[in-house]
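The next block holds one structure in the form of C-alpha cells; read it before the comments.
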C-alpha cells in the first residue's frame, strides 16, 4: 500500500468540506483532479472512503477510521512547519551552551545582555569541567562550547575570543606584594594552591614551570577558583588563577597580583563547535554576540591588568 502525503491532504480537505468542488477551490486544483486522486487513494487502500448523501460527500466507516490517523498526521505536519519557521526566526529558539568553570565570571554577564535583547530565545547554560566539555563535543551534545585550548584530536570549528591571563596571586599583606620583577626562582619554594590535575589551567601552569627549568609541586589542589581564592586569602599559599576570576577581590584589596617575571601566563578563550554541526539562527546570533562582546571584555581586563601590576 502506498499513500502519498498529497493524497492525505486531499482526503482531509474533502472530509472537511464534504464537497469535491469546494475541496478543489481550497487546494487550488481542478474538480476532476480531486476526484481522480480520491479514486486512486481508494484503489490503494482497497476500500471505499466516501459515499454520497444527497449533495454531500461523507466518510464511510473505513473513511472515518482513516480520518482518525490522517488528522494526527496533519497535526504533526503543521507542528513541523511551525517549528521550522521558528528556527528561521533569530529571535526565537533554544540553545545549548556549555562552558568551562572559569568562564562563569564573564559568560553569565554576556548571557544576561543577550537575553535582554532576545527574550524569545531560551539558553541552557552548563558550566562544567574540561573533561565533560570534550565529551560533549565528541557526542555533538552542545551547540556551542566556551573553553580554553580546544582538543586537538577532534574535527572542530574554533574561534579565539579573548585573552585569559593566568596571574599569580597572594594575600594583600604578603611580603612579595608590591615588589617588582620577582624571579620565578624566588617563588618556586612557596606553597601553592591550584586547580586539580586534568584542568586546562593546571596543564598551563605545569608547562610554564617546565619551560623555565622547574618542576611544579602544589601544596593544595582545589576544584574551583572560588576555593583557591579563599585559600589564598586565608594564607594557605600562593595561587595561579584567571584574571577574570579575581576582579572583585582586587577591587576590595583582599588579594594582590604578584609581579613575577614572565607572568601572566597567556592563554585564550575560544568558542567551539563540532565541524559540520548545523547552528540554528538563534545559536548563530548568540555566537556572534559573544564574539563581539569578547572584544570589549578583553580591552577592559587588559586595562585592569596594566593598572594593578
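Odds and ends about this structure:
- Both radii were evaluated on the Cα set of segment 103-184; the Rg over Rh quotient, with Rh as the Kirkwood radius, amounts to 1.11.
- To the nearest ten degrees, helix 61-88 and the longest principal axis of the Cα atoms of the chain are 30 degrees apart.
- Stokes-Einstein diffusion for segment 1-59 at 25 °C, viscosity 0.890 mPa s, with a Kirkwood radius from C-alpha pairs, works out to 217 µm²/s.
- Stretching the chain fully between residue 214 and residue 132 yields a gain of 26.5 nm (0.36 nm per residue, less the alpha carbon separation).
- Degrees between helix 200-211 axis and first principal axis of the chain (Cα, 0 to 90, nearest 10): 40 degrees
- Answer label for percent of Cα pairs over 35 Å apart (calculated), chosen among [x] 46; [y] 40; [z] 14: [x]
- Between residue 56 and residue 83, the simple spin-label model (points 7 angstrom out along Cα→Cβ) gives 3.6 nm.
- Relative contact order (%) - criterion: Cα under 8 Å, at least six apart; region: segment 5-88: 26 percent
- Of all DSSP beta bridges in the chain, antiparallel share, percent nearest 5: 55 percent
- Unit Cα scatterers, Debye sum, segment 124-231: log10 I(q)/I(0) for q = 0.16, 0.21, 0.22 Å⁻¹: -0.88, -1.26, -1.34
- Whole-Å distance, taken between Cα centres, linking segment 202-253 and segment 38-111: 54 Å
- Cα-based equivalent ellipsoid, segment 1-131: semi-axes from gyration tensor eigenvalues, Å: 51, 16, 11
- Two-site FRET efficiency, residue 188 against residue 141, from Cβ-Cβ distance with R₀ of 35 Å, rounded to 0.05: 0.30
- Extension gain for the segment residue 179 to residue 221, taken as residue separation times 0.36 nm less the Cα-Cα distance, is 12.5 nm to one decimal.
- Segment 158-309 - Debye-derived log10 I(q)/I(0), Cα point model, q = 0.11, 0.18 Å⁻¹: -0.47, -1.08
- Relative contact order, percent, segment 166-257 [alpha-carbon distance under 8 Å, six or more residues apart]: 48 percent
- Within the chain, helix-based [θ] at 222 nm, where runs of 4 or more DSSP H residues each add -39,500 (n - 2.57), nearest 500: -15000 deg cm²/dmol
- The chain - percent relative contact order, Cα under 8 Å, separation 6 or more: 21 percent
Bear in mind that the values in this text are calculations on the coordinates, not laboratory data. Note that the structure is predicted; figures quoted are calculated from it, not measured. We place every Cβ from the backbone using ideal geometry, glycine too, and count neighbours over all the protein chains shown.
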